[in-house]
Amino acid sequence: MTEPAIRVLIVDDQMMVREGFSVLLNAMPGIEVVGEAVDGREAIAQVAALRPDVVLMDIRMPEMNGLEATRQIVAADADAKVLVLTTFDLDEYVYQALRAGASGFLLKDASARQLADGVRVVAAGEALLAPSVTRRLLSEFSRLSDVPRPADRVAVEELTDRETEVLVLIAQGLSNAEIAERLVIAESTIKTHVSRILVKLGLRDRTQAAVYAYETRLVTPS
């Protein structure tokens, strides 16, 4: 049985960007662009109406920026998957968007394959944290956040040694398969550890776990 196509909403105030991404993604197998929005306010309405699997969200837009739109979309639907698009790899708003609930980010000059792969990764519930630029961004902007937070450190102490080890590797951008290989244990076991980490820390996904690890200084910027 054929898997249903991943439904994507593209949010950007520039028409050429929206049309370009739409053409690129519609040409990829298993992906369908179901709508477009010109700003954050319209994005919120379109998400409610179309129920896309993934939202490609620009940050810098008039009326309502992508940061506030991401915050409201995630607050309304905890399962919402937002993939932030930015022109700058060290855009200060990207870090805030990840804190607000975005599942990852891509540069606007990403190739068609990188764009499609990013959509598939986020749709599958993974965090788009593998690129080194993402790790650099998390490291850089964790310096700007109000950290460490003592109350959160108490929650970290509730993790087992193995769970702490897995959390650190998540923050370093490793996938479940890569963590399993590093720790020489089954990937299914890693998935169990990740689930328990999210529950214990009250986090929604791997991206939030990575941000959390930096903010509590469990992982320090290098």
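Quick note: the coordinates plus some simple rules give every number you see, no bench work behind them. Owing to the predicted nature of the structure, the values given are computational and were not obtained by experimental measurement. Methodologically, a virtual Cβ is constructed for each residue, glycine included, from the backbone with ideal geometry; neighbour enumeration extends over all protein chains shown.
Using θ = phi - 60° and the Karplus form 6.51 cos²θ - 1.76 cosθ + 1.60, what ³J(HN,Hα) does each residue of region 158-175 get, whole Hz, x for Gly and Pro?
In residue order, the calculated couplings are 7, 6, 6, 4, 5, 5, 4, 4, 5, 4, 4, 5, 4, 5, 7, x, 7, 7 Hz.
Please give, to one decimal in nm, the separation of the simple spin-label points placed at Ser111 and Ala45, each 7 Å out from Cα toward the Cβ.
Rounded to a tenth, the inter-label distance reads 3.8 nm.
Based on the Cβ-Cβ distance of Ala124 and Arg162, what FRET efficiency does E = 1/(1 + (r/R0)^6) give at R0 = 22 Å, to the nearest 0.05? Mind dumping the intermediate values first?
Numbers: r = 24 Å, r/R0 = 1.09.
About 0.40, to the nearest 0.05.
Would you list which lysines come within 22 Å of Lys200, measuring only between C-alpha atoms, while excluding same-chain residues fewer than 8 positions from it?
Of all the lysines, those that pass the test against Lys200 - Cα under 22 Å, at least 8 places apart if same chain - are Lys81, Lys191.
Going by the alpha-carbon gyration tensor, a ≥ b ≥ c the square roots of its eigenvalues, is region 6-128 rounded (a/c under 1.5) or, if a/c is not under 1.5, prolate (a/b greater than b/c) versus oblate? Walk me through the numbers before you get to the answer.
Details: a/c = 1.22, a/b = 1.17, b/c = 1.04.
The shape class here is rounded.
Loop-only GluC sites (Glu not before Pro) in region 53-110, please: DSSP not H, G, I, E or B, and at most 15 other Cβ atoms within 10 Å.
Working: sites: Glu63, Glu68, Glu92; in loops: Glu63.
Counting only loop positions with at most 15 other Cβ atoms within 10 Å, the GluC sites (Glu not before Pro) in region 53-110 are Glu63.
Give the long-range amide H neighbours of Glu36: residues separated by 5 or more places, or on another chain, with amide H under 5 Å away, using H modelled in the peptide plane at 1.01 Å from N.
Amide H neighbours of Glu36: Ile10.
Among Met64, Met16, Met57, rank each residue by its count of other Cβ atoms within 10 Å, from fewest to most, as a rough exposure measure.
Working: Met64 15, Met16 8, Met57 28.
Ranked by crowding around the Cβ, least crowded first: Met16, Met64, Met57.
What are the ³J(HN,Hα) couplings of region 22-34, residue after residue, when phi is run through the Karplus curve with 6.51, -1.76, 1.60 and θ = phi - 60°? Round to Hz, x for glycine and proline.
4, 5, 4, 6, 5, 7, 8, x, x, 10, 9, 7, 9
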